[in-house]
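Written out below as structure tokens is the structure these notes cover.
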Amino acid sequence: MTARIRVQWGLAAGAWICGLALFAPARPSSPLQDQFAALPLEKTIVVAADAGWVDTAIDVRPGEELHISASGEINLQKGNPEAVCGPAGLDLVTVDQPVPNVNLGALIGKVVQPVARRVDEDSGIEIRDEIFVLFPVGPETTVTVPFKGRLYLGINENVLKDNGGMYSAVVVRRPA
């Protein structure tokens, strides 16, 4: 199954941005780095249901193909047996979830390209401005990476504190 990717350009601060990273100077790479980046990668990632976005520590490049397969079980409301699901999620869609029109609790992915970091003067909280694309994963998907960035995995839900369980996802990266 090949997932359709919906591109979203967003800032962590809630404003919208378009194209800033396209003008950033490219960092030179060594032949050894290029050779290493061309190798296929297989990595197992644990995605806890209450963890938010999980950094896979996998840097991706445009055109690379990612095949992700997942297993496991989570509970979207501890103590409620009706809220238990696998990586496909519950047959329920809400208006307030990261990837609309994808089942609540489904495994989802995100490729992130950082643009800037700053500290909010009032709260002291670090704000990360980023360009990102969200996509459904479910039990299994294959996606083509649209731009250079970092891969994150998460749960298609915004209320995480009452969740339990975890998914195990195997990510296989095939170079472009």
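The values are calculated or read from the model by the stated rules, or taken from the named source; none is laboratory data. What you see is a predicted model; the values in this text were computed from it and never measured. Because the Cβ atoms are built from the backbone with ideal geometry, glycine has one as well, and the counts that use them run over all protein chains shown.
Computed values, structure above
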item	result
Residue list for the range 122-147, filter: small (G, A, S) and under 16 Å from the mean Cα position of the chain (by Cα)	G138
Members of the range 95-115 that are in contact with a Gly (Cβ under 9 Å, 6 or more places away or on another chain) and in a strand (DSSP E or B)	L107, I108, G109, K110, V111, V112, Q113, P114
Members of the range 130-153 found to be of a type outside the set (A, V, I, L, M, F, W, C) and in contact with a Pro (Cβ under 7 Å, 6 or more places away or on another chain), listed by number	E130, G138, P139, P146, K148
Of the criteria (1) exposed (fewer than 15 other Cβ atoms within 10 Å of the Cβ); (2) more than 14 Å from the chain's Cα centre (by Cα), which one L104 fails	(1)
Unmet criterion (only one of (1) in contact (Cβ under 8 Å) with a residue 12 or more places away in the chain; (2) more than 16 Å from A48 (Cβ to Cβ); (3) polar (S, T, N, Q)) for N158	(2)
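Per-residue answers, yes or no, for (1) modelled with pLDDT under 95; (2) under 15 Å from V99 (Cβ atoms):
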position: V119; (1), (2): yes, no
position: E126; (1), (2): yes, no
position: L134; (1), (2): no, yes
position: F147; (1), (2): no, no
position: Y152; (1), (2): no, yes
position: N156; (1), (2): no, yes
position: N163; (1), (2): no, no
position: M166; (1), (2): no, no
position: A169; (1), (2): no, no
